[in-house]
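Here the structure comes first, spelled out in structure tokens, and everything after it is commentary.
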Amino acid sequence: MTTSYRYFSKSVWLAMGVLAVGLLIVLPILHLGVDKHSSMYVSSYAITLIGKIMCYAIVALAMDLVWGYAGILSLGHGVFFALGGYAFGMYLMRGIGQDGVYHASVPDFMVFLDWKTLPWFWQGTEHFAYSLLLVILVPGLLALMFGFFAFRSRIKGVYLSIITQALTFAAMLLFFRNETGFGGNNGFTDFKRVLGYSITAPETRVAIYMLTGLVLLGALLLGRYIVTSKYGRVLAAIRDAESRVMFCGYNPVSYKLFIWTLSAVLCGIAGALYVPQVGIINPSEMAPANSIEIAIWTAVGGRATLIGPILGAVLVNAAKSYFTVSFPNYWLFFLGAIFIVVTLYLPHGLMGLLSALRRKLSGAWK
């Protein structure tokens, strides 16, 4: 793989700056400060859709760190995304208070199940700071425990991918059960407030949207710092020749375990940002197909490029929004076609294609 598109040039920095200004400043102004009947008005639907796609972009970036730079293909990252969503969703459910359908002190689904008190693991979730801690710790600890045993046992390749898919499938089946205390099939929904503010208010929606954009930008900068450091070079060496790295005196387990856990935490944060914008979290977010889609976003954009997976997540999900409305019966065929084309003809994804075109154009001008 060539390195010409791995790191950020001046033009990339400039493009990122312009895009950040457009997404984080211009669009919110056009949503809050422009009349709804104006042609310049940006609808709440557009703000929600872009915010949701930015959450997906964070997940794609997290996948790139483990797959593109460490060579770990995970087909279970959806479970970390969903766990972060559930952790923050518990806080949002507690924020409903007695404004639910049954006007009870416990969430409506617990009243339906005839539960009189909150389970022990719901204690403290009414506090915002504690919920943020759960968003980080729950997916992080699960990834840490899973990765420790998997990497120490030197499980890798397709075997590790299958195990990660089994992990997310098992979690999905667990959360579908009503007795686990997470809303069963319906999950969490009908949120009212966050930090005391109405969650449906335009100002609150824009604040969460802007926070999502800042987290995406921060995750991108963090990823660049990691992959350009000595640690990142060791990760790439582990990806390309793990045995040689071991012979050089490095312990691949600790390197892979750190990036794996960090990737899971980023997914959890993305899930926490996703839930208040979409308004629901349920076990379907843990479906194995969702985790496969994450891998497709990364492959489409280009592994080991950081920006590529973000681009892939944006393009694929924008296409999904269009196809599921205009051609709902053909979306999965379109997604499968994308994956086949990328696998056969674009092994380095769109970023690889753009790099090749740039080299040809620069050669033609000489």
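Remarks
- Order by protection proxy (mean Cβ within 10 Å, highest first), peptides 321-334, 205-218, 234-247, 115-128: 205-218, 234-247, 115-128, 321-334
- Cα-projected label distance for A318 with L32, points at 7 Å along beta-carbon direction, nm: 2.5
- Tensor-based shape of segment 78-170 (alpha-carbon gyration tensor, a/c under 1.5 rounded, otherwise prolate or oblate): prolate
- Simple point charges give the picture: +1 on the Cβ of Lys and Arg, -1 on the Cβ of Asp and Glu, and for segment 10-364 a dipole about the Cα centre of about 1280 debye.
- Helix 331-345 and the long axis of the chain differ in direction by around 20°, with both axes built from C-alpha atoms.
- Of the residues S38, S229, S355, the one that moves most in a GNM of the chain with alpha-carbon contacts below 10 Å is S38.
- In order through segment 81-95: 3J(HN,Hα) via Karplus (6.51 cos²θ - 1.76 cosθ + 1.60), integer Hz, x for Gly, Pro: 4, 5, 5, x, x, 5, 4, 7, x, 4, 5, 5, 5, 5, x
- The chain: angle of helix 10-21 to the longest principal axis, Cα-based, in degrees nearest 10: 10
- When the Gaussian network model of the chain links Cα atoms closer than 10 Å, the mean-square fluctuations of I53, I155, I294 top out at I155.
- Candidates A87, A299, A46: whichever shows maximal mean-square fluctuation once the chain is modelled as a Gaussian network with Cα springs under 10 Å: A46
- Here the calculated FRET efficiency for W115 and N186, from their Cβ-Cβ distance with R0 = 22 Å, stands at 0.90, rounded to the nearest 0.05.
- Tilt relative to the chain, helix 252-278 - C-alpha long axis, 0 to 90 degrees, to 10: 50
- Lys-Lys pairs in the chain that are eight or more residues apart or on separate chains and whose Cα atoms lie under 19 Å of each other come to 4.
- Debye log10 I(q)/I(0) for the chain, one point scatterer per Cα, at q = 0.13 Å⁻¹: -1.09
None of the figures in this text is laboratory data; all of them are computed from the coordinates on show. Predicted model, so just to flag it, every value in this text is computed and none were measured. Neighbour counts are summed over all protein chains in view; Cβ atoms, including those assigned to glycine, are modelled from backbone coordinates with ideal geometry.
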